[in-house]
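**Q** A single structure is presented below for examination.
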Amino acid sequence: MLSEDTVKTLVDKGLEERSDLFLIDLKIGAGNKISVVIDGDNGVTVDDCIFMSRAIEHNLDREEEDFSLDVASAGATSPLVSKRQYKKNIGRALGVKTNANAKFEGVLTEVDDNELTLEWKAREPKPVGKGKIVVNKQAKIKYDDVLEAKVIIKF
């Protein structure tokens, strides 16, 4: 069976050549099925997947050990798992579930090494009198507290 360390080394070498790409997931399953998921600071094209596939495949010997290889981009509805993914999605709507079971939905406005910032508008009762007013809300959420975060795609 192929070693995950061997494949990871090949992925890392490919990523050294393409610093705009980064690894999201790497798995080696039964029958040496290699599955690689990548993302990029500017998105991922088919050519990016081909590049990464070649970086791996051309450095493994099928005579020594047979394998199948699947290189894909992180899908639009896939959860965000890397801080780099948050950075590239600034300005987009995000849905976040926290470890404390809180749910937030807003525009990702800021990220740093420790947390992300979401902003949204909410209608709340007026402090005095009847009716409601629109107020700006903000939540700063530490990455360690994020259970799941997904980009919200509206049609």
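Taken together, the values in this text are just the output of simple stated rules run on the coordinates, not laboratory data. The structure displayed is predicted, hence computed values, not measured ones. Cβ sites come from the backbone with ideal geometry, for glycine too, and all protein chains shown count toward neighbours.
**Q** What distance in nm separates the two pseudo spin-label positions at Ala139 and Glu115, each 7 Å out from Cα along the beta-carbon direction?
**A** If labels sit at Ala139 and Glu115, their model points lie 1.3 nm apart.
**Q** Taking the Cα-to-Cβ direction at Glu64 and at Leu2 and moving 7 Å from each Cα, how far apart do the two end points lie in nm?
**A** Roughly 1.2 nm, to one decimal.
**Q** In segment 83-151, if the dipole is taken from +1 on Lys/Arg beta carbons and -1 on Asp/Glu beta carbons about the Cα centre, which of Gly106, Gly95, Ala122 is farthest to the positive end?
**A** Of the candidates, Ala122 comes out farthest on the positive side.
**Q** Only bridges whose two residues both fall in segment 4-73 count here: according to DSSP, what percent of them are antiparallel, nearest 5?
**A** Numbers: 8 of 15 bridges.
Counting only bridges with both partners in segment 4-73, antiparallel ones make up about 55 percent.
**Q** Among the DSSP beta bridges whose two residues both lie in segment 83-151, what percent are antiparallel, rounded to the nearest 5?
**A** Approximately 100 percent, going by the DSSP bridge assignments.
**Q** Same structure, new question: Kindly provide the helix-only [θ] at 222 nm of the chain, computed as the sum of -39,500 (n - 2.57) over DSSP H runs of four or more divided by all residues, to the nearest 500 deg cm²/dmol?
**A** So the helix-based figure for the chain works out to -6000 deg cm²/dmol.
**Q** Return the sequence-ordered ³J(HN,Hα) values of segment 68-83 in whole Hz as given by the Karplus equation 6.51 cos²θ - 1.76 cosθ + 1.60 applied to θ = phi - 60°, using x for Gly and Pro.
**A** Each residue's phi maps through the Karplus curve to give 10, 9, 10, 10, 9, 8, 5, x, 4, 9, 6, x, 7, 10, 10, 4 Hz.
**Q** Follow-up question, since we're still on this one. So which GluC sites (Glu not before Pro) in segment 4-102 end up in coil per DSSP with only 14 or fewer other C-beta atoms within 10 Å?
**A** Answer by residue number: Glu63, Glu64, Glu65.
**Q** Now for a different question. Determine, from the Cβ-Cβ distance of Arg18 and Glu105 and an R0 of 22 Å, the FRET efficiency 1/(1 + (r/R0)^6), rounded to the nearest 0.05.
**A** The calculated FRET efficiency here is 0.10.
**Q** Please state, as a whole number in µm²/s, the translational diffusion coefficient that the Stokes-Einstein equation yields for the chain at 4 °C and 1.567 mPa s, with Rh defined as the Kirkwood radius across alpha carbon pairs.
**A** Answer, rounded: 72 µm²/s.
**Q** Using the 10 angstrom Cβ neighbour count as an exposure proxy, how do Met1, Met52 rank, fewest first?
**A** The order, fewest Cβ neighbours first, is Met1, Met52.
**Q** Per residue and in cubic angstrom, what volume does the convex hull of the Cα atoms of segment 4-73 have?
**A** Convex hull of Cα atoms, per residue: 74 Å³.
**Q** By how many degrees, between 0 and 90 and to the nearest 10, does the Cα long axis of helix 46-57 differ from the longest principal axis of the chain?
**A** Orientation of helix 46-57: about 40 degrees from the principal axis.
**Q** Give me the distance between the Cα centres of segment 91-155 and segment 12-63, rounded to whole Å.
**A** One Cα centre to the other: 33 Å.
**Q** Past 23 Å, Cα to Cα, is the threshold; run Lys8/Lys103; Lys103/Lys150; Lys27/Lys140; Lys8/Lys83; Lys97/Lys126; Lys103/Lys154 against it and keep the listed order.
**A** In this structure, Lys8/Lys103; Lys27/Lys140; Lys97/Lys126 exceed 23 Å between Cα atoms.
**Q** Now for a separate question. Can you tell me, using C-alpha contacts under 8 Å and at least 6 residues apart, the relative contact order of segment 4-73 as a whole percent?
**A** Taking the mean separation of contacting Cα pairs over the length of segment 4-73, I get 35 percent.
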